[in-house]
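Undergrad: Got a structure here, written out as structure tokens. Questions coming.
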Amino acid sequence: MRKGYLTGPALGALWLVVIATTVAITMSFSTGAAFRPQVLLCLLWGAVAGLIYVRYPERHAMARLGLTTMLGLSALTRFGPVLIGSETSLQALLVTVFAMAVVTHLSLTAILRDTPFGELTRHEFEDAVIRFCTGFGCIFFTAIVVIPFYVMVMTSLKSQQALLQNPLDFSVDLSQGSALFRSYTELFRDFNFGTYLWTSFYVSVLTVFITLAFSVPGAYAVARFRFKGQKAFSRSILLIYMVPMIVLALPIYIAFSLTGLRNSILGIVMIYPVTTIPVALYMLQGYFRGLPTEVEEAGLMDGLSRLAVIWKITLPLSLPALASVSLYVFMIAWNEFLLAFMLLDDPSKFTLTRGVTMLNSSEIPRQHLMAGAVIATVPIMALFLGLERFMTKGLTAGSVKG
């Protein structure tokens, strides 16, 4: 197998199956027309392409471009890697031809780079295989993330009539203008989603403050003080996560019903920190242990109390960790569903996740449920992407002592 004339066709055949499947799925979702990869023809075309790309190196660009051009044009016939439905528009045909030709050329050039036609060294063979696996992994995991989100967004922009005509058509008519967003307008106008957003926001913020109020002194005590059972406590902080929340659901429901806390925002604000404090303690104690004790000892020698040292020295040095913990806790509280579903019955007190669940009904159009899911997803996604570097910095800042 460690021959270029065997490795090239093998990787080329497998890779063209990946490319053809990706192009077919992308075009089907974006146009609503029928596109289907033909596996046997993909293997054949890919094997020929792989052989050409190892036989003729990059300086023979015309041979490579000629092959990929033929491969792209073959999509117009029944003998191409992608079978196209007869109702497909001319624009979609041209995009498919261009995509197959260009993507195949660029990707095979990258995968089979510096792969000779004859005998391969172990390094050259492994390098080509790793590049193939890397490309496949990027496409596969990107598809897992992007496809559900794309389907969710496109469905939220469709009308009930369009969904009934073809539920698998995920294209949209941009000529409708602002009418595309009627599902979102109706959610805020008729389903009180503005209140749900506000409720989820301030509940999440309160959860962050309560969690930090308990976890900062607790994590500092575990990291700095010596007391009986310290190591056991430190190692058992996350034991609460070994107990599934569904096991605690019934006791929590009974206790909150007896105390009058069920169906109240106060009850939600009280129970959410119970699920977030352990993970915050675990994250912060590791960071506090990484801070140099000499800085705090210097503050004590200057006459500061222990609380003053924490407030004036430790916390300013721990801002990256506090920011990452706050973001993580905020995301947990924002996305929490089980407790909100179990404890809240009054629609005026619903959190966003509880409000989205209300839309899962046969009486409510499906596009409204998808629009609610988008509203619940986009803010936290934007927050995470915008503050990701601070979260990464905070999580790794305490990994090296001193």
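The values are calculated or read from the model by the stated rules, or taken from the named source; none is laboratory data. Predicted model, so just to flag it, every value in this text is computed and none were measured. Positions of Cβ are generated from backbone atoms using ideal geometry, with glycine treated the same way; all protein chains shown enter the neighbour counts.
Undergrad: Answer yes or no as to whether S326 is assigned to a helix (DSSP H, G or I) and farther than 30 Å from R289 by Cβ.
TA: Details: assigned to a helix (DSSP H, G or I): yes; farther than 30 Å from R289 by Cβ: no.
The answer is no for S326.
Undergrad: Something else: Is it the case that L83 is out of contact with any Cys (no Cβ under 6 Å at 6 or more places or on another chain), over 21 Å from F29 (Cα atoms) and touching a residue at least 12 places away in the same chain (Cβ under 8 Å)?
TA: Answer is no for this residue.
Undergrad: Let me ask something additional. Identify all residues within the stretch 43-81 that are in a loop (DSSP other than H, G, I, E, B) and of a type in the set (A, V, I, L, M, F, W, C); write none if there are none.
TA: Initial filter on the stretch 43-81 (in a loop (DSSP other than H, G, I, E, B)): 56-60, 77-81.
Once the filter is applied, which keeps residues that are in a loop (DSSP other than H, G, I, E, B) and of a type in the set (A, V, I, L, M, F, W, C), the stretch 43-81 yields only F79.
Undergrad: While we're looking at this one, here's another question. Report the residue count in the stretch 347-376 for those that are hydroxyl-bearing (S, T, Y) and either under 15 Å from L163 (Cβ atoms) or not in a helix (DSSP H, G or I) (or both). Show your work before the answer.
TA: The first filter runs over the stretch 347-376 and keeps only residues hydroxyl-bearing (S, T, Y), leaving 348, 351, 353, 357, 361-362.
Next cut, either under 15 Å from L163 (Cβ atoms) or not in a helix (DSSP H, G or I) (or both) only: 351, 361-362.
The qualifying residues number 3.
Undergrad: Something else now. Starting from the stretch 285-304, take each residue that is touching a residue at least 12 places away in the same chain (Cβ under 8 Å) and list its partners that are of a type in the set (G, A, S) and loosely packed, with under 11 Cβ neighbours inside 10 Å, counting only C-beta distances under 6 angstrom and pairs at least six apart or across chains.
TA: Between residues of the stretch 285-304 that are touching a residue at least 12 places away in the same chain (Cβ under 8 Å) and residues that are of a type in the set (G, A, S) and loosely packed, with under 11 Cβ neighbours inside 10 Å, the close pairs are P292/G402.
Undergrad: Return the only residue of G72, G118 being within 17 Å of A10 (Cα to Cα) and in contact (Cβ under 8 Å) with a residue 24 or more places away in the chain.
TA: On the way: G72 fails: within 17 Å of A10 (Cα to Cα).
None of the others qualify; the one that does is G118.
Undergrad: For the stretch 331-386, enumerate the residues that are among the charged types (D, E, K, R) and crowded, with 21+ Cβ neighbours inside 10 Å. Step through it out loud before you land on a result.
TA: In the first step, residues of the stretch 331-386 are kept if they are among the charged types (D, E, K, R); the result is 336, 345-346, 349, 354, 363, 366.
E336, R354 - these are the residues of the stretch 331-386 that are among the charged types (D, E, K, R) and crowded, with 21+ Cβ neighbours inside 10 Å.
Undergrad: Pairs please, first residue from the stretch 223-235 and on the phi > 0 side of the Ramachandran plot, second anywhere and modelled with pLDDT of 75 or more and of a type in the set (G, A, S), Cβ atoms under 9 Å, 6+ apart in sequence or on different chains.
TA: Hits for this filter: zero, empty list.
Undergrad: May I pose another question? Just checking: which of the helices (runs of 4 or more DSSP H) contained wholly in the stretch 185-280 hold 2 or more residues that are under 14 Å from L343 (Cβ atoms) and modelled with pLDDT of 85 or more? Spell out the reasoning first.
TA: On the way: elements: 193-224, 230-235, 245-259.
Correct list: 193-224, 245-259.
Undergrad: Let me ask something additional. Output the residues belonging to the stretch 1-42 that are buried (at least 20 other Cβ atoms within 10 Å of the Cβ), in contact (Cβ under 8 Å) with a residue 60 or more places away in the chain and part of a strand (DSSP E or B).
TA: Selection gives F35 alone.
Undergrad: Looking at A49, A61, A75, which one is in the same structural domain as L108 (by TED's automatic domain parsing) and surrounded by fewer than 17 Cβ atoms within 10 Å (Cβ to Cβ)? Give the steps one after another, and end with the answer.
TA: Numbers: A49 fails: surrounded by fewer than 17 Cβ atoms within 10 Å (Cβ to Cβ); A75 fails: surrounded by fewer than 17 Cβ atoms within 10 Å (Cβ to Cβ).
One residue alone meets the criteria, A61.
Undergrad: Can I ask one more? For S215, indicate whether it is outside the structural domain of L327 (by TED's automatic domain parsing), in contact (Cβ under 8 Å) with a residue 40 or more places away in the chain, of a type in the set (G, A, S) and surrounded by 12 or more Cβ atoms within 10 Å (Cβ to Cβ).
TA: Numbers: outside the structural domain of L327 (by TED's automatic domain parsing): no; in contact (Cβ under 8 Å) with a residue 40 or more places away in the chain: yes; of a type in the set (G, A, S): yes; surrounded by 12 or more Cβ atoms within 10 Å (Cβ to Cβ): yes.
Taking the combined requirement at face value, the residue does not satisfy it.
Undergrad: Condition check: in contact with a helix residue (DSSP H, G or I) (Cβ under 7 Å, 6 or more places away or on another chain) and at pLDDT below 90. Does L387 satisfy that? Reasoning before the result, please.
TA: Values: in contact with a helix residue (DSSP H, G or I) (Cβ under 7 Å, 6 or more places away or on another chain): yes; at pLDDT below 90: yes.
Taking the combined requirement at face value, the residue satisfies it.
Undergrad: Quick one: which of A99, A143, A92 is within 31 Å of the chain's Cα centre (by Cα), within 23 Å of A47 (Cβ to Cβ), in a helix (DSSP H, G or I) and of a type in the set (A, V, I, L, M)?
TA: Values: A143 fails: within 23 Å of A47 (Cβ to Cβ); A92 fails: within 23 Å of A47 (Cβ to Cβ).
It is A99.
Undergrad: Next up: Could you check how many residues of the stretch 146-173 are within 27 Å of the chain's Cα centre (by Cα) and exposed (fewer than 12 other Cβ atoms within 10 Å of the Cβ)?
TA: Total satisfying the criteria: 3.
Undergrad: Scanning for something more than 26 Å from S348 (Cβ to Cβ) and over 25 Å from the mean Cα position of the chain (by Cα), does the stretch 248-270 turn up at least one residue?
TA: Residues of the stretch 248-270 that are more than 26 Å from S348 (Cβ to Cβ), as a first pass: 248, 251.
Of the ones still in play, those that are also over 25 Å from the mean Cα position of the chain (by Cα) are 248, 251.
The answer is yes, given that some residue of the stretch 248-270 is more than 26 Å from S348 (Cβ to Cβ) and over 25 Å from the mean Cα position of the chain (by Cα).
Undergrad: Which one of the conditions (1) under 21 Å from A20 (Cα atoms); (2) in a loop (DSSP other than H, G, I, E, B); (3) hydrophobic (A, V, I, L, M, F, W, C) does L108 fail to meet, given that it meets all the rest?
TA: With respect to (1) under 21 Å from A20 (Cα atoms); (2) in a loop (DSSP other than H, G, I, E, B); (3) hydrophobic (A, V, I, L, M, F, W, C), L108 is out only on (2).
Undergrad: Are any of the residues in the stretch 123-134 under 28 Å from L168 (Cα atoms), within 33 Å of the chain's Cα centre (by Cα) and of a type in the set (F, W, Y)?
TA: Restricting attention to the stretch 123-134, the residues satisfying the condition of being under 28 Å from L168 (Cα atoms) are none.
There is no residue in the stretch 123-134 that is under 28 Å from L168 (Cα atoms), within 33 Å of the chain's Cα centre (by Cα) and of a type in the set (F, W, Y).
Undergrad: Test of understanding: among I246, I310, I265, which residue is surrounded by 19 or more Cβ atoms within 10 Å (Cβ to Cβ), in contact (Cβ under 8 Å) with a residue 40 or more places away in the chain and either assigned by TED's automatic domain parsing to the domain that holds T211 or aromatic (F, W, Y) (or both)?
TA: On the way: I246 fails: surrounded by 19 or more Cβ atoms within 10 Å (Cβ to Cβ); I265 fails: surrounded by 19 or more Cβ atoms within 10 Å (Cβ to Cβ).
It is I310.
Undergrad: Which residues, taken from the stretch 353-382, are farther than 22 Å from K158 by Cα and touching a Leu at 6+ places or on another chain (Cβ under 7 Å)?
TA: Selection gives R354 alone.
Undergrad: Go through the stretch 104-127 and count every residue that is under 19 Å from G72 (Cα atoms) and exposed (fewer than 13 other Cβ atoms within 10 Å of the Cβ).
TA: Here the count works out to 2.
Residue-by-condition table, conditions (1) surrounded by 19 or more Cβ atoms within 10 Å (Cβ to Cβ); (2) under 22 Å from L327 (Cα atoms); (3) charged (D, E, K, R):
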residue	(1), (2), (3)
Y241	no, yes, no
S257	no, no, no
V274	no, yes, no
M283	yes, yes, no
